[in-house]
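Beneath this line is the structure, given in structure tokens, with notes to follow.
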Amino acid sequence: MNGSTLLLKNADLLCTMTLSKTNFVGEEITEASLFARNGVIEQVGKTCDLPKTADHVIDLQGHVVIPGMVNTHHHMFQNLTRAVPAAQNAPLFGWLQTLYPIWCHLGPEHIYWSNALGMAELALTGCTTSSDHLYLFPNGARLDDSIAAANDIGMRFHGTRGSMSIGETQGGLPPDRLTEDEPAILKDCQRVIEMYHNAERHAMQRVALAPCSPFSVSIDLMSETAKMARAYKVGLHTHLAENVEDIDYSLNSFGMRPGEYIEAVGWVGHDVWHAHCVQLDKDEIDLFARTDTGIAHCPCSNMRLASGIAPIREMLDAGINIGLGVDGSASNDSGHMLNEARQAMLLQRVMKTGDALTARQSLAVATRGGAAVLGRDDIGQLSPGFAADIAAFDCRGIDFAGAAWDLLAGLLFCGSSKANYTIINGKVIVDQGQLVTMDMPKLLENHRAMTADLMRKAQWT
């Protein structure tokens, strides 16, 4: 056998998550194995039918195996400001206005260590691909700092170069000192695309452009960013219709609802995904479906900030590509992808019926759905030709006791388990529940130091 090979054998259950008209999760194979070479899957099937040896063999007896989950929306720098007292009970705009003055003190080290911790947290919960929306760059911080952290952790990463250009004095929400000049924004967008974007299949690093929101950038910047993204064939991302304040701002500032606004500035299409979209109306849902525009659904954050419950059932029925996002770790205060899938399932049931979103449908959104939202046809499934991005959960512990009836559904119904193995690009990132690509005590020590630094500067101590 040429190249580095990986064999996962004897899994109690392996879910392929391939697209099927009759089954949202494709094949569910018992006594399953998977064989990969150089980070790409070659065979999936019964253990008795697959190779018996490889360079790296992991016995997954007692495990449920799914494709690595895909996180489509995050702000990793925010895990330095979890549970800030004045922001605990505020809705979106008040929450932001409380935290902006603290974030003014961020610098390159804060970005690096917060991103390293954020991606470690995701990997430990079975996430293998993550986007991150970094939209502020004070004190020399750059997207490069996030990318460096992703490389060191081993996360498949879609870094987005965000931006804010309209400050308080111009009618925007952020303080002026967190905004940038628009020519400088566009220049740096071009730089990071040319330096970091990899369009090849199975790429570990891609770049997208992501003005923060309609209430923090100009109409011109939205339009010019879209033009640049399409010239370079990269994705576009922003926040949209997150809560009623968001709707009111759009109506008062632009005389249009959010859907009308994004259509006017060229922000619809297969290369665009919007975060939250809690308050979309029927016409806007139809617009997203008609234009193949994607959505990053963030149920925990939407609950935390009292933004509402996104109509995910209606969106899925309309044919919209939907992925999950943990969102900012100061609006979710966690980065647990499996819990996000659980909450997505439960919220639709609260609003509708017990079968409004099944466990399998929610897992499909967390995996294959997220891949589609990010424009990837090489992740989110366990099939030949797809990346060897895999999450395996030990079902022999107390969390799964009594769930032998349906181990796959048990991933969501039985609470939020951590992954026992997380494999990205054929490499083991989490081994028996432990991150192996970075020293965890050192990571936590440096992250604590960054948090303490912000607390001192923001006079929280």
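The values are calculated or read from the model by the stated rules, or taken from the named source; none is laboratory data. What you see is a predicted model, and the numbers here were worked out from it, not measured in a lab. With ideal geometry, Cβ positions are generated from the backbone for all residues, glycine too; neighbour counts draw on all protein chains shown.
So that you can scan it fast, the table gives a plain yes or no per residue for (1) closer than 25 Å to Val65 by Cα; (2) in contact with a His (Cβ under 9 Å, 6 or more places away or on another chain):
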site: Tyr100; (1), (2): no, no
site: Leu106; (1), (2): no, no
site: Glu109; (1), (2): no, no
site: Ser131; (1), (2): yes, yes
site: Ala141; (1), (2): no, yes
site: Asp144; (1), (2): no, no
site: Ile153; (1), (2): yes, no
site: Ser163; (1), (2): no, no
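Before we move on, is Ala392 over 14 Å from Thr129 (Cβ atoms) and at pLDDT 95 or above? Criteria met by Ala392.
Scanning region 280-337 for residues that are acidic (Asp, Glu) and surrounded by fewer than 24 Cβ atoms within 10 Å (Cβ to Cβ) yields Asp281, Asp283, Glu284, Asp286, Asp292, Glu314, Asp317, Asp333. Restrict the check to region 236-257 and report whether at least one residue is in a helix (DSSP H, G or I), free of Cβ contacts under 8 Å to residues at least 12 places away in the same chain and small (Gly, Ala, Ser). Scanning region 236-257, I find no residue that is in a helix (DSSP H, G or I), free of Cβ contacts under 8 Å to residues at least 12 places away in the same chain and small (Gly, Ala, Ser), so the answer is no. Residue check: is Asp333 farther than 16 Å from His239 by Cα and over 19 Å from the mean Cα position of the chain (by Cα)? Considered against the rule, which asks whether it is farther than 16 Å from His239 by Cα and over 19 Å from the mean Cα position of the chain (by Cα), Asp333 comes out as no. Screening Gln361 with (1) closer than 25 Å to Asp271 by Cα; (2) crowded, with 24+ Cβ neighbours inside 10 Å; (3) of a type in the set (S, T, N, Q) gives one miss only, at (2).
Determine which member of the set Ile309, Ile322 is at pLDDT 95 or above and closer than 13 Å to Thr72 by Cβ. Even if it seems obvious, please write down each step before you answer.
Values: Ile309 fails: closer than 13 Å to Thr72 by Cβ.
Criteria check complete, one pass: Ile322.
Can you tell me which residue within region 152-174, out of those that are of a type in the set (Val, Ile, Thr) and either within 16 Å of the chain's Cα centre (by Cα) or buried (at least 22 other Cβ atoms within 10 Å of the Cβ) (or both), is modelled with the lowest pLDDT?
Going through region 152-174, the residues of a type in the set (Val, Ile, Thr) turn out to be 153, 160, 166, 169.
Of the ones still in play, those that are also either within 16 Å of the chain's Cα centre (by Cα) or buried (at least 22 other Cβ atoms within 10 Å of the Cβ) (or both) are 153, 160, 166.
Working: Ile153: 98, Thr160: 98, Ile166: 95.
By that ranking, first place goes to Ile166.
When the criteria are applied in full, Leu357 meets the requirement of being without any contact (Cβ under 8 Å) to a residue 60 or more places away in the chain and either under 24 Å from Asn23 (Cα atoms) or not in a strand (DSSP E or B) (or both). Among the residues of region 317-336, those that are closer than 14 Å to Asn71 by Cβ and among the β-branched types (Val, Ile, Thr) comprise Ile322, Val326. Pairing residues of region 363-384 that are of a type in the set (D, E, K, R) with residues that are assigned to a helix (DSSP H, G or I), at Cβ distances under 9 Å and at least 6 apart in sequence or on separate chains, gives Arg376/Gly370; Asp377/Ala371; Asp378/Ala371. Checking each residue in region 35-59 for being under 10 Å from Pro384 (Cβ atoms) and in contact (Cβ under 8 Å) with a residue 60 or more places away in the chain picks out Ala36, Val40, Ile41, Glu42, Gln43, Val44. Only a single item in (1) surrounded by 13 or more Cβ atoms within 10 Å (Cβ to Cβ); (2) in a loop (DSSP other than H, G, I, E, B); (3) modelled with pLDDT of 95 or more is not met by Ala409, and it is number (2).
The condition of being part of a helix (DSSP H, G or I), within 18 Å of Ile193 (Cβ to Cβ) and in contact with a helix residue (DSSP H, G or I) (Cβ under 6 Å, 6 or more places away or on another chain) holds for only one of Leu209, Leu221, Leu287, that being Leu221. Output the residues belonging to region 5-24 that are crowded, with 23+ Cβ neighbours inside 10 Å and of a type in the set (A, V, I, L, M, F, W, C). Leu6, Leu8, Ala11, Leu14, Cys15, Met17, listed by residue number. Every condition in (1) buried (at least 16 other Cβ atoms within 10 Å of the Cβ); (2) under 17 Å from Pro211 (Cβ atoms) holds for Ala264 except the one numbered (1). Against the numbered list (1) modelled with pLDDT of 95 or more; (2) more than 19 Å from the chain's Cα centre (by Cα), Leu122 comes up short only at (2).
For every residue, the table says whether it meets (1) more than 25 Å from Ala241 (Cβ to Cβ); (2) surrounded by fewer than 21 Cβ atoms within 10 Å (Cβ to Cβ); (3) outside the structural domain of Leu338 (by TED's automatic domain parsing); (4) of a type in the set (A, V, I, L, M, F, W, C).
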{"residue": "Ala83", "(1), (2), (3), (4)": "yes, yes, no, yes"}
{"residue": "Trp95", "(1), (2), (3), (4)": "no, no, no, yes"}
{"residue": "Tyr100", "(1), (2), (3), (4)": "no, yes, no, no"}
{"residue": "Cys104", "(1), (2), (3), (4)": "yes, yes, no, yes"}
{"residue": "Ser114", "(1), (2), (3), (4)": "yes, no, no, no"}
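Taking Ala86 as the residue in question, decide whether it is part of a loop (DSSP other than H, G, I, E, B) and at pLDDT below 95. It is false that Ala86 is part of a loop (DSSP other than H, G, I, E, B) and at pLDDT below 95. Would you check if there is a residue in region 219-234 being surrounded by fewer than 17 Cβ atoms within 10 Å (Cβ to Cβ), over 26 Å from Glu314 (Cα atoms) and β-branched (Val, Ile, Thr)? Yes, the conditions are met somewhere in region 219-234.
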